[in-house]
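Visitor: Here you go, one structure.
The values are calculated or read from the model by the stated rules, or taken from the named source; none is laboratory data. Predicted model, so just to flag it, every value in this text is computed and none were measured. Cβ coordinates were reconstructed from backbone atoms using ideal geometry, including for glycine residues, and neighbour counts include every protein chain displayed.
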């Protein structure tokens, strides 16, 4: 089963100094943190902030190609988590055919924002993510504890922890 998600936040992880995107379930409380690359974070942040460039960036170019070849992105799906690596599909239709294209989640999310399509995460990925968090923390937790831990982390962050994305 797939869970509809939205972008809750895009931050810098103060421990790893890497961008992290937090997805949140639309009709629930589950969250999914995904560490992403700086270039992909910039692509996502620029779209969220409505920054327009004089020339198309990579994700804009891909969307333009799809639009001009009668292809339509239907949704993106974060479909698997293996060895701490997330996997995603971009689901699209082209000339009556349904196609699923393998993608990094960050690229799929950047494209989903541009195409205004839904983001889904499989329940299996959410379960695997929780299992990894349990192993890392070496103790089980419920969703309220998880939320409190995230709030603690976020409340301790200072504006200078986030940095600036530059193009």
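Visitor: Residues that are under 21 Å from the mean Cα position of the chain (by Cα), farther than 25 Å from residue 17 by Cβ, surrounded by 11 or more Cβ atoms within 10 Å (Cβ to Cβ) and modelled with pLDDT of 95 or more: does region 93-100 have at least one?
Guide: Checking region 93-100: at least one residue is under 21 Å from the mean Cα position of the chain (by Cα), farther than 25 Å from residue 17 by Cβ, surrounded by 11 or more Cβ atoms within 10 Å (Cβ to Cβ) and modelled with pLDDT of 95 or more.
Visitor: Within region 134-149, does at least one residue satisfy the condition of being out of contact with any strand residue (DSSP E or B) (no Cβ under 8 Å at 6 or more places or on another chain) and either at positive phi or at pLDDT 95 or above (or both)?
Guide: Scanning region 134-149 turns up at least one residue that is out of contact with any strand residue (DSSP E or B) (no Cβ under 8 Å at 6 or more places or on another chain) and either at positive phi or at pLDDT 95 or above (or both).
Visitor: From 80, 60, grab the single residue that is part of a strand (DSSP E or B), in contact with a helix residue (DSSP H, G or I) (Cβ under 7 Å, 6 or more places away or on another chain) and in contact (Cβ under 8 Å) with a residue 24 or more places away in the chain.
Guide: 80
Visitor: Only one of 49, 40 is modelled with pLDDT under 95 and out of contact with any helix residue (DSSP H, G or I) (no Cβ under 9 Å at 6 or more places or on another chain); which?
Guide: Values: 40 fails: out of contact with any helix residue (DSSP H, G or I) (no Cβ under 9 Å at 6 or more places or on another chain).
Selected residue: 49, the only one of 49, 40 that is modelled with pLDDT under 95 and out of contact with any helix residue (DSSP H, G or I) (no Cβ under 9 Å at 6 or more places or on another chain).
Residue-wise test of (1) in a strand (DSSP E or B); (2) exposed (fewer than 15 other Cβ atoms within 10 Å of the Cβ).
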residue: 3; (1), (2): yes, no
residue: 12; (1), (2): yes, no
residue: 19; (1), (2): yes, no
residue: 22; (1), (2): yes, no
residue: 29; (1), (2): no, yes
residue: 43; (1), (2): no, no
residue: 55; (1), (2): no, yes
residue: 65; (1), (2): no, yes
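Visitor: Just wondering, is there one or more residues in region 101-121 that are under 20 Å from residue 28 (Cα atoms) and surrounded by fewer than 19 Cβ atoms within 10 Å (Cβ to Cβ)? Even if it seems obvious, please write down each step before you answer.
Guide: Of the residues in region 101-121, the ones under 20 Å from residue 28 (Cα atoms) are 109, 117-121.
Still in the list and also surrounded by fewer than 19 Cβ atoms within 10 Å (Cβ to Cβ): 117-118.
Yes, that holds for at least one residue.
Visitor: If you go through region 67-84 one residue at a time, how many are surrounded by fewer than 17 Cβ atoms within 10 Å (Cβ to Cβ) and either modelled with pLDDT under 95 or over 14 Å from the mean Cα position of the chain (by Cα) (or both)?
Guide: Total satisfying the criteria: 10.
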